[in-house]
1. Tell me, please, whether a residue that is in a helix (DSSP H, G or I), crowded, with 21+ Cβ neighbours inside 10 Å, in contact with a strand residue (DSSP E or B) (Cβ under 9 Å, 6 or more places away or on another chain) and at pLDDT 95 or above can be found in region 9-20.
2. Between residues in region 55-80 that are at positive phi and at pLDDT below 95 and residues that are in a loop (DSSP other than H, G, I, E, B) and surrounded by fewer than 18 Cβ atoms within 10 Å (Cβ to Cβ), which pairs lie under 7 Å by C-beta distance while being six or more apart or on different chains?
3. Hey, residue 118 hits all of (1) touching a strand residue (DSSP E or B) at 6+ places or on another chain (Cβ under 9 Å); (2) at pLDDT below 95 but one; which does it fall short on?
4. Give me the helices (runs of 4 or more DSSP H) completely within region 174-250, filtered to those with at least 3 residues that are farther than 24 Å from residue 12 by Cβ and in contact (Cβ under 8 Å) with a residue 24 or more places away in the chain, ordered by residue number.
5. Report the residue count in region 37-68 for those that are farther than 13 Å from residue 111 by Cβ, buried (at least 22 other Cβ atoms within 10 Å of the Cβ) and out of contact with any helix residue (DSSP H, G or I) (no Cβ under 6 Å at 6 or more places or on another chain).
6. Please verify whether residue 125 is surrounded by 16 or more Cβ atoms within 10 Å (Cβ to Cβ), part of a loop (DSSP other than H, G, I, E, B) and at negative phi, treating the condition exactly as stated.
7. Please verify whether residue 34 is buried (at least 22 other Cβ atoms within 10 Å of the Cβ) and either in a loop (DSSP other than H, G, I, E, B) or free of Cβ contacts under 8 Å to residues at least 40 places away in the same chain (or both), treating the condition exactly as stated.
8. Run down 65, 85 and say which single residue is outside any helix (DSSP H, G or I) and under 23 Å from residue 164 (Cα atoms).
């Protein structure tokens, strides 16, 4: 991959991280850690991989994206706004009275494919979308981003079985494997390992990458798109709270609002990162 492209996407990710913190602090609510761990992947998909038309969100030949871990919506909104799906000024209304930018994705927002928030629903719908695309002989991919804590939901594995059965090679699923969920370490709450072997047993092709390394993630996506006859699972190892020192790998930042001093420190760190890119 071109290093110049990677650097451009890293810069965009850093800017979106700053937008995430502005939104959460202004709204005085939000899910910080997961938004920061997943933003690199959402940026990579929307700015470099996926076929989308912000001026025509319902374009039939678009690639589909579902944020199954809907509580990490802040990063998703910042990307959609920056690309022009809706006015960027609207981010100031996040979680405010009568705003359509609520704390989980809703189809009232242009570019959002489905309402999510109740974990375990995104993959089943993505399987349906991918199967419909196959039947219609459409040339598009369906991407779904899940949390690792979400892997404890039974509906995930019903969908996994169906996708393998129907050989949905137009479906690319991603797990934001940051190792933490609202109640702590995923392996202590409900052990997931051997996670890759589970997905292989459902007839998926499994890849792994560093989800906070845009070049590595895009390499995995490129391999996934070349896979034939199987759906693909990308296990993306990430850091919860990525980019802000005191939030990284700290489960208390699953959600939470920084104090004024914490906000200033976080923005200073991200500003320094931006200057270094």
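1. No, region 9-20 contains no residue that is in a helix (DSSP H, G or I), crowded, with 21+ Cβ neighbours inside 10 Å, in contact with a strand residue (DSSP E or B) (Cβ under 9 Å, 6 or more places away or on another chain) and at pLDDT 95 or above.
2. none
3. (1)
4. Output list reads 195-201.
5. Within region 37-68, residues that are farther than 13 Å from residue 111 by Cβ, buried (at least 22 other Cβ atoms within 10 Å of the Cβ) and out of contact with any helix residue (DSSP H, G or I) (no Cβ under 6 Å at 6 or more places or on another chain) number 1.
6. The answer is no for residue 125.
7. Working: buried (at least 22 other Cβ atoms within 10 Å of the Cβ): yes; either in a loop (DSSP other than H, G, I, E, B) or free of Cβ contacts under 8 Å to residues at least 40 places away in the same chain (or both): no.
When the stated conditions are applied, residue 34 does not pass them.
8. Criteria check complete, one pass: 65.
The values are calculated or read from the model by the stated rules, or taken from the named source; none is laboratory data. Given the structure is predicted, the values throughout are model-derived calculations rather than measurements. Don't worry about glycine lacking a Cβ; one is built from the backbone with ideal geometry, like all the others, and counts go over all protein chains shown.
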